[in-house]
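The values are calculated or read from the model by the stated rules, or taken from the named source; none is laboratory data. Keep in mind that what you see is a predicted model, and the values were worked out from it rather than measured. Here Cβ is always computed from backbone atoms with ideal geometry, including for glycine, and neighbour counts include all displayed protein chains.
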Amino acid sequence: MLYYIVLTAYILAVNFYAFHLVKSQRDACATDEAPRGQDGKLLLAAMLGGATAIYAAMFALRFRLNDIVPMILIPVIAVCNIYLFFLGFRGIHLYL
């Protein structure tokens, strides 16, 4: 039972951080505080499990919708994240 609580807390924390990261990058670009090319942080947060939140935040905040790398790579990573989370909740020993 503790495993499921920890996994759920991890998923929520990473997705919250990812959404906040997109919002802070949008605010920084609006005030010209940060350079434009900060895809590394977004991709790292996406690979850690926050790809769905990043993709949703990009549409909700209307930020970087014209950039090809995030618009193609983030959904691919999101599908992988959802599958891995499914395996985590279902029990990975059933599929090995």
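In table form, for the structure just shown:
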{"item": "Region 1-22 residues that are within 12 Å of Phe89 (Cα to Cα), paired with ones that are among the aromatic types (Phe, Trp, Tyr) and in a helix (DSSP H, G or I) (beta carbon under 9 Å, 6 or more apart)", "result": "Tyr4/Phe89; Leu7/Phe85; Leu7/Phe89; Thr8/Phe89; Ile11/Phe85"}
{"item": "Residues being outside any helix (DSSP H, G or I) and surrounded by fewer than 17 Cβ atoms within 10 Å (Cβ to Cβ) - total across region 42-96", "result": "8"}
{"item": "Residue satisfying all of: in region 29-41; in a helix (DSSP H, G or I) and either charged (D, E, K, R) or surrounded by 13 or more Cβ atoms within 10 Å (Cβ to Cβ) (or both); modelled with the highest pLDDT among these", "result": "Lys41"}
